[in-house]
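J.: Handing you this structure, nothing more for now.
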């Protein structure tokens, strides 16, 4: 019985990874820009928060991010950009994103994290801050669209 469960978990993991890899070969459905900050102790325990803009079908929507850490100790902040895949309805964007892969380093030095929410939306996030490292909280990253907040395209 244990072997059957382990095989099922392995197959499910491979399917999830392959779906995310196939997403990278597609054109993104939206883009995401984030600014995050965190405060952490020497043990790496702390609080992180941030905000950003998701651009979907030519319009910008503000969002809030909780659970994305950008440093191991002290106070730190970072900026990140990402491509969003499998987004057909804006309502599907909000949710809890779990890491599919994290920690890959690009040739230019950026750290990459790929995450997916319960509705199948995939975000491939790359930090753009010098020396920052993207870390995802164990319970996932919660991203919520902020209704009614002004966006960059509506500000004067």
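J.: Kindly indicate whether residue 70 is closer than 17 Å to residue 126 by Cβ, at pLDDT below 65 and touching a strand residue (DSSP E or B) at 6+ places or on another chain (Cβ under 6 Å). So that I can check it myself, show each step before the final result.
T.: Working: closer than 17 Å to residue 126 by Cβ: yes; at pLDDT below 65: yes; touching a strand residue (DSSP E or B) at 6+ places or on another chain (Cβ under 6 Å): yes.
Answer is yes for this residue.
J.: Right, another one. Among (1) modelled with pLDDT of 75 or more; (2) outside any strand (DSSP E or B), there is one condition residue 107 misses while meeting the rest; what is its number?
T.: (1)
J.: Do you know which residues across segment 125-156 are outside any loop (DSSP other than H, G, I, E, B) and either at pLDDT below 60 or more than 18 Å from residue 94 (Cβ to Cβ) (or both)? Full working, then the answer.
T.: The first filter runs over segment 125-156 and keeps only residues outside any loop (DSSP other than H, G, I, E, B), leaving 125-127, 135-136, 141-145.
Correct list: 126, 127, 135.
The values are calculated or read from the model by the stated rules, or taken from the named source; none is laboratory data. What you see is a predicted model; the values in this text were computed from it and never measured. Here Cβ is always computed from backbone atoms with ideal geometry, including for glycine, and neighbour counts include all displayed protein chains.
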